[in-house]
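The values are calculated or read from the model by the stated rules, or taken from the named source; none is laboratory data. Bear in mind that the values here come from a model prediction, so they are computed numbers and not experimental data. Using ideal geometry, Cβ is built from the backbone for each residue, glycine included, and neighbour counts are taken over all protein chains shown. Heavy atoms of the whole protein, side chains included, go into the accessibility calculation; ligands, DNA and RNA do not. Shrake-Rupley method; radii C 1.70, N 1.55, O 1.52, S 1.80 Å.
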Amino acid sequence: MGFQSQVEKAKHLIRSRLCNPNFIIKPLSDSPDSNYSKLKFTISSSITEACNNSILLVGPRGSGKIAVLELVLNDLLQEYPDTISLIRLNGLLHSDENCAFKEIAKQLCLEHNLLFSKMASFDDNSQFMIAMLRECGLAHKTIIFTLDEFDQFAQGKQRLLYSLLDAMNTVTSQAVVIGVSCRLDVDQLLEKRIRSRFSHRKLLFLPPSKEDVQRLLEHVLSLPMDSSFPHDYAAQFNGKLQNLLADDRFKEIISSYLNSNSTINHLVRFLFIVVSFWESKSGFLSLENFKSALSSILRQPKQECIKDCSILELYVLVCMKRLEVKEQNSYNFNSVMKEYKSVQDSFQTSDYYARNVCLRSFERLIQRELICFTDNRAQGQSVEFRPVKLLVSYAELQEGLKSYRSCPIILQKLMEH
């Protein structure tokens, strides 16, 4: 096998891993304190002990709620293949009660080889669900309801949740209701009658720790030492990867990215971009691949606009930022000109322009939406007197000045003092 083909095969392997949520989640599920272990224990207890249960999975989007749930369900379907019926609902599709009950009836009919009637009414489908809960309970079969976008079901009259939880409490059934939501307060949206029937179990999905990220990177990016790859290439690749993971510069890059996007889903996207910057001729992942991926994914449109500004426009932006630092919350063009004049008087630079030229630069910044008027009530008033505010943060302006090729040194000094 040629060197180039080995590299392409390694790229394909890593991309296939990144496309497999189960592979990504697996190293984070080994601990008995992990959400995977807790969720599997809760559901398996309901199956073995023939009881009802309900649980909420909450956390930001991309934190791995669905991936963990699917991993648990796949494992349980292998362990208890004949005692589980799975019903999947999504709040974006089935938040309407009629639609939800019809979908439940349809999936139950498919699961148990029954004839589904499209003409069945709301009451018919509701009674059918209750009857199936009773029959499955008598047959010692557990029905698992997964409700993605659970907060959508908690809107309006919440008849679906009430009917489902009430049936679980009144008939002989074995059922588990699993709600998945990105809203941390989703349980507070439930009506009192529903809250009293809910188990109040909640699993919180937090961003991965630094140790988890390190373990995840090693798990995803390492090559197997079996016969899939030549031993020498795999050993050399993994050795270079270990050195890279231990490099302080690499840790700084990962930390910078996680400061803005700390979920597992975003980390996977980042690794996809890293692989796309990996050149076949080099053969190994390098620090430059991660640097390029970081700069491309954290690109800020405001910083791009600052790069296209003139020197005078940069002076206007810096003067406005200095006014904000001085806690002058309300200012207009005249206030900015006073600050600009004081800077010129203090440093005697060659970048001194007439007032009408400064006004045109000021208006261009408004057009580019780097600054804006604080209110629209004084639209008939002259631009010079209308209060404005800066739409660029201190960090964005500072980074924009650093990346500006011909930026006067005095502007960077003014930002620091």
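Total residues in the stretch 234-284 satisfying the condition of being outside any helix (DSSP H, G or I), among the hydrophobic types (A, V, I, L, M, F, W, C) and free of Cβ contacts under 8 Å to residues at least 12 places away in the same chain: the figure is 0. One residue alone among LYS302, LYS281, LYS307, LYS251 is buried (at least 16 other Cβ atoms within 10 Å of the Cβ), basic (Lys, Arg) and either more than 30 Å from PRO408 (Cβ to Cβ) or at pLDDT below 90 (or both), and that residue is LYS302.
Per-residue answers, yes or no, for (1) hydrophobic (A, V, I, L, M, F, W, C); (2) crowded, with 16+ Cβ neighbours inside 10 Å; (3) in contact (Cβ under 8 Å) with a residue 40 or more places away in the chain; (4) over 30 Å from LEU245 (Cα atoms):
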site	(1), (2), (3), (4)
GLU288	no, no, no, no
VAL318	yes, yes, yes, yes
ARG322	no, yes, yes, yes
ASP375	no, no, no, yes
GLU384	no, no, yes, yes
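Listed conditions (1) under 27 Å from the mean Cα position of the chain (by Cα); (2) at pLDDT 90 or above; (3) over 24 Å from ILE130 (Cβ atoms); (4) assigned by the TED database to the domain that holds VAL176 are all met by LYS11, apart from (4). Taking into account only those residues within the stretch 144-157 that are of a type outside the set (Phe, Trp, Tyr) and part of a helix (DSSP H, G or I), which is most open to solvent (accessible area, probe 1.4 Å)? Going through the qualifying residues, I end up with GLN152.
Exactly one residue among CYS99, CYS51 is among the hydrophobic types (A, V, I, L, M, F, W, C), assigned to a loop (DSSP other than H, G, I, E, B) and closer than 27 Å to LEU165 by Cβ, and that residue is CYS51. Test ARG405 against the stated conditions and say whether it is outside any helix (DSSP H, G or I) and loosely packed, with under 12 Cβ neighbours inside 10 Å. Yes.
Might you check whether a residue that is in contact (Cβ under 8 Å) with a residue 12 or more places away in the chain and crowded, with 21+ Cβ neighbours inside 10 Å occurs anywhere in the stretch 14-23? No - not one qualifying residue is present in the stretch 14-23. Are any of the residues in the stretch 393-406 closer than 26 Å to SER295 by Cα, touching a residue at least 60 places away in the same chain (Cβ under 8 Å) and touching a Cys at 6+ places or on another chain (Cβ under 6 Å)? There is at least one residue in the stretch 393-406 that is closer than 26 Å to SER295 by Cα, touching a residue at least 60 places away in the same chain (Cβ under 8 Å) and touching a Cys at 6+ places or on another chain (Cβ under 6 Å). Pairing each residue of the stretch 335-352 that is within 18 Å of ARG322 (Cα to Cα) with any residue that is among the acidic types (Asp, Glu) and part of a loop (DSSP other than H, G, I, E, B), provided the two are 6+ apart or on different chains, yields C-beta distances under 9 Å for MET337/GLU384; GLN344/ASP351.
For the stretch 364-380, the count of residues that are closer than 19 Å to ILE306 by Cα, part of a helix (DSSP H, G or I) and among the polar types (S, T, N, Q) is nonzero. From the list LEU203, LEU160, the lone residue that is open to solvent by less than 50 Å² (accessible area, probe 1.4 Å), of a type outside the set (D, E, K, R) and under 28 Å from the mean Cα position of the chain (by Cα) is LEU203.
Quick check on the stretch 339-356: of everything there that is surrounded by fewer than 12 Cβ atoms within 10 Å (Cβ to Cβ) and of a type outside the set (Gly, Ala, Ser), which residue is farthest from PRO408 (Cα to Cα)? Before the answer, list the steps.
Applying the first criterion (surrounded by fewer than 12 Cβ atoms within 10 Å (Cβ to Cβ)) to the stretch 339-356 yields 345-346, 348, 350, 354, 356.
Next cut, of a type outside the set (Gly, Ala, Ser) only: 345, 348, 356.
Values: ASP345: 16, GLN348: 13, ASN356: 22 Å.
Once the filter is applied, the top-ranked residue is ASN356.
Scanning the stretch 392-411 for residues being of a type outside the set (Val, Ile, Thr) and out of contact with any Lys or Arg (no Cβ under 7 Å at 6 or more places or on another chain) gives a total of 11.
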